[in-house]
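To keep things clear, I will list the structure first and then write my remarks on it.
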Amino acid sequence: MAISLKQVYLETKQKYQLELVAGEAGLERMINWVYRMESLEDIEFLKGGELIITTGFIFQQDEALLQLLKALKEKRCCGLILNIGKYIESASLPVRQYCEL
């Protein structure tokens, strides 16, 4: 059973201190699965419609994070939750701009 990204975001944003920084136009996408990803090697397991969650451990540099975003787009994932904190301080302007495409 699929659920919209918007519904999940609205119901969990306070509890998990989520902040939408880009991609508002995609909030109507349906989540078919949730997948934690810490390496691009895992991209082969994605089927489409996944909500990806990452700490960013491997994706600390903008180039690596943009590579992840491009791969997720190719796999038709519905969204990305990027854990801001220990490994990534913020979503940079290039990253946010890519997410708005």
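The values are calculated or read from the model by the stated rules, or taken from the named source; none is laboratory data. Predicted model only: the values in this text are computed from it and were never measured. Reconstructed Cβ throughout: ideal geometry from the backbone, glycine too, with neighbour counts over all protein chains shown. Heads up: the accessible areas ignore ligands, DNA and RNA and are worked out on the full protein's heavy atoms, side chains in. Shrake-Rupley method; radii C 1.70, N 1.55, O 1.52, S 1.80 Å.
Assign one of three labels to segment 3-100, namely rounded, prolate or oblate, based on the Cα gyration tensor with a ≥ b ≥ c the square roots of its eigenvalues; rounded applies when a/c is under 1.5, prolate when it is not and a/b is larger than b/c, and oblate otherwise. Note, shape of segment 3-100 comes out rounded. Amide hydrogen proximity for Val34: with H placed 1.01 Å from N in the peptide plane, the residues at 5 or more positions away or on another chain lying under 5 Å are Leu51.
Take Arg36, project a point 7 Å from its Cα along the Cβ direction, then tell me which residues of segment 2-24 have their backbone nitrogen under 18 Å from it. Hits in segment 2-24 for Arg36 at 18 Å: 16-18.
For the chain, which whole percent of the accessible surface, found with a 1.4 angstrom probe, sits on carbon and sulfur atoms? In the chain, the share of accessible area belonging to carbon and sulfur is 52 percent. Working note: Karplus 6.51/-1.76/1.60 with θ = phi - 60° gives segment 20-37 the couplings 7, 10, 6, x, 4, 5, x, 5, 7, 4, 9, 8, 9, 6, 10, 9, 8, 10 Hz, where Gly and Pro are set to x.
Taking a sphere under 15 Å around the Cβ of Asp62 and counting the other residues whose Cβ falls inside, with K and R at +1 and D and E at -1, yields a net charge of 0. Surface exposure of the chain, expressed per residue as accessible area with a 1.4 Å probe, stands at 70 Å². Taking amide H atoms as placed 1.01 Å from N in the peptide plane, the amide H of Leu80 lies under 5 Å from those of Ile52, each 5 or more residues away in sequence or on another chain.
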